[in-house]
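Down below is the structure, laid out as structure tokens.
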Amino acid sequence: MKNATYILGIESSCDETAVAIVKDGKEIIANVVASQIESHKRFGGVVPEIASRHHVEQITIVLQEAMEQSGLTWDEIDAIAVTQGPGLVGALLIGVSAAKALAFAKHKPLVPVHHIAGHIYANRLLEELQFPLLALVVSGGHTELVLMKEHGQFELIGQTRDDAAGEAYDKVARMLDMPYPGGPQIDLLAAQGEENLTFPRAWLEQDSFDFSFSGLKSAVINTIHNAQQRGETLKKADIAASFQASVVEVLTEKTFNAAEKYQVKQVLIAGGVAANKGLRTSLENKFAGTGIPLLIPPIKFCTDNAAMIAAAGTIAYQQGRRAGLDLNANPSLPLQ
Amino acid sequence: MYILGLDTSNQLLGVAIMKDEQVIGEITTNIARNHSVRLMPAINQLMEDVDMKPEQLDKIVVAKGPGSYTGVRIGLTTAKTMAWALQIPVVGVSSLKVLGYQGKFFDGLICPFFDARRGRVYTGLYQWKDGNLEIVEDERNVAMEEWLKLLSSKEQKVLFLSPDMKKHQTTIETSMPSLAVIPDASAYQMANPSHLILAGENEANDSVYHITPNYLRLAEAEAKWLQAKENHANG
Ligand SMILES: [Zn+2]
């Protein structure tokens, strides 16, 4: 009798071509990521056409490596899970096309997965989820607070009204002449600087869990320009520290308020910006002694990977979610 | 011996299956619809119609471009992933060459082309010799007017084949009034997925890992980057 569920996941929504196999939604059996970041660095950001070209070059290589790593046979794989969206449409299409071809050739069910559901479920690879839970999703494309009352149910309670947090990091990094990707660089620089510049915090309406970072971004630009006009040079580290303090404070406070309001049993951090040291420290301090467990996965689970897609795909598979061979990529797929 | 051919490199969507030299099924549509949504269902439908299972396939032939970047990638990703999963060979054939098969019985030069916008085309020059479609001028992305000058200089009859004929017919006829041969029915201007399989039979297998599209053009960002690098190097 077979008890375990093995799901093969495929992720290609941005600049990582990834395939993973996960057992029972919790245990990584294989995890392969081909990153394109070195190729995109020369352009100062991810170029969609270049990303698509790399995905098509990498997909079968990554599939083969994952199958070899797993030591499994096809008979043991229960289903193929794939990121349907959101993301870059041309990039998503490679994963979706490969997943459909596999599902057809190997007679496996096809399970569509939302990229953010994947980021949230990355946490389940480390610890069992307890509901209700709150997830703060922060990345180059996302700043969202998601409430989950049970497996596979996602309620968006807050989101950015303009820039994503990661986007703001990249833009400020560019102003400070730092190479792409800027987020990690600002984080490093901030640790060496002093928070001696006052940048705004966008709290929006009382009780709102939405975010806004465009005002902060403008404030940083203005501060740099004004200083230049006065012939002063600001320390880059101080700009980074002051900017990061504003982002981190808003993220921390809103997450904390939402956690209290919904009486959650867990708070999860997900997405690439979860790797940010400043954010981690601030959240850890805020939640220390509150009795609400805070889960922050190690960096390799925060950035895009396919283990998270297989993990989210396991629940979707168990709940009976299926896609037909007409599955299409959806670059603006809503979370539901 | 079962061979599957698939082509989503341009507007046409074509799927064909050949069993021991015999075409046993074909699905072709020539409408502006989403290849991503329709390709796998078409393959599934055709296999059901001819009563076969994926495991029975011995080879997959795919049109690898030039054409729509996204369309080319959908076909190629599907073909290489299926071939990898079934552990069978994959063969990529130039989409221009497939179109050239429409001129199998034409005694002269053959110019298949696809529109590449702003007066440019993806094209190449071929000729049938001893039952093989041989390349005479390498495939390229070129301004149509410049290309026609080269063709005129050969002073031979040229058969033009293209689903985008309407956009370029006047230019061709003006520039090569006595040498251009243009079939009048669109049925001759379309790539045929069974021809794709025939073409694939004469070519070496590709690696399921390393087969890549025949874009004939750098991504815009890369072209600019190379240009900037060159300018920098030249001082
Ligand atoms: Zn992501």
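The values are calculated or read from the model by the stated rules, or taken from the named source; none is laboratory data. Just so you know, these numbers come straight off a predicted model, no measurement behind them. Virtual Cβ from ideal backbone geometry, glycine too; neighbours counted across all protein chains shown.
At-a-glance table
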read-out	value
Residue count, the stretch A:100-123 (criterion: assigned to a helix (DSSP H, G or I) and within 16 Å of the ligand (Cβ to nearest atom))	9
Entirely in the stretch A:238-336, the helices (runs of 4 or more DSSP H) that have 2 or more residues that are without any contact (Cβ under 8 Å) to a residue 24 or more places away in the chain and aliphatic (A, V, I, L, M)	none
Single residue of A:130, A:153, A:159, A:185 found to be away from chain B (no Cβ under 14 Å), at negative phi and within 16 Å of the ligand (Cβ to nearest atom)	A:159
Selection within the stretch B:61-93 - in contact with a helix residue (DSSP H, G or I) (Cβ under 8 Å, 6 or more places away or on another chain), in contact (Cβ under 8 Å) with a residue 40 or more places away in the chain and farther than 19 Å from residue A:58 by Cβ	B:61, B:63, B:66, B:67, B:71, B:89, B:91, B:93
Test: residue B:126 is in contact (Cβ under 8 Å) with a residue 60 or more places away in the chain, touching a strand residue (DSSP E or B) at 6+ places or on another chain (Cβ under 8 Å) and of a type in the set (Phe, Trp, Tyr)	no
Every residue from the stretch A:168-184 that is within 15 Å of residue A:220 (Cβ to Cβ) and either in a loop (DSSP other than H, G, I, E, B) or not hydrophobic (A, V, I, L, M, F, W, C) (or both)	A:169, A:170, A:171, A:174, A:176, A:177, A:178, A:182, A:183
Of the criteria (1) modelled with pLDDT of 95 or more; (2) within 16 Å of the ligand (Cβ to nearest atom); (3) in contact with a helix residue (DSSP H, G or I) (Cβ under 8 Å, 6 or more places away or on another chain); (4) closer than 30 Å to residue A:102 by Cα, which one residue A:271 fails	(1)
Selection count, the stretch A:124-144, where residues are assigned to a strand (DSSP E or B), surrounded by 24 or more Cβ atoms within 10 Å (Cβ to Cβ) and not acidic (Asp, Glu)	6
Residue that is out of contact with any Gly (no Cβ under 9 Å at 6 or more places or on another chain), buried (at least 21 other Cβ atoms within 10 Å of the Cβ) and outside the structural domain of residue A:92 (by TED's automatic domain parsing), where the choices are A:274, A:329	A:274
Filter pass, residue B:110 being part of a strand (DSSP E or B), in contact with a strand residue (DSSP E or B) (Cβ under 7 Å, 6 or more places away or on another chain) and surrounded by fewer than 16 Cβ atoms within 10 Å (Cβ to Cβ)	no
Leading residue by the ranking (farthest from residue A:51 (Cα to Cα)) among those in the stretch A:73-92 that are of a type in the set (A, V, I, L, M) and under 19 Å from the mean Cα position of the chain (by Cα)	A:81
Answer residue from the stretch B:30-40, given it is within 14 Å of another protein chain (Cβ to nearest Cβ) and among the polar types (S, T, N, Q) and is nearest to residue A:104 (Cα to Cα) among those	B:36
Yes/no for residue B:71 being on the phi > 0 side of the Ramachandran plot, surrounded by 20 or more Cβ atoms within 10 Å (Cβ to Cβ) and within 14 Å of another protein chain (Cβ to nearest Cβ)	no
Residue check, residue A:268 outside the structural domain of residue A:63 (by TED's automatic domain parsing) and closer than 30 Å to residue A:108 by Cβ	yes
Lone unmet requirement of (1) buried (at least 18 other Cβ atoms within 10 Å of the Cβ); (2) within 25 Å of residue A:114 (Cβ to Cβ) for residue A:35	(1)
Meets criteria (more than 16 Å from the chain's Cα centre (by Cα) and buried (at least 23 other Cβ atoms within 10 Å of the Cβ)) for residue B:77	no
Extreme residue, farthest from the ligand (Cβ to nearest atom), among residues of the stretch A:51-84 that are outside any helix (DSSP H, G or I) and within 12 Å of chain B (Cβ to nearest Cβ)	A:77
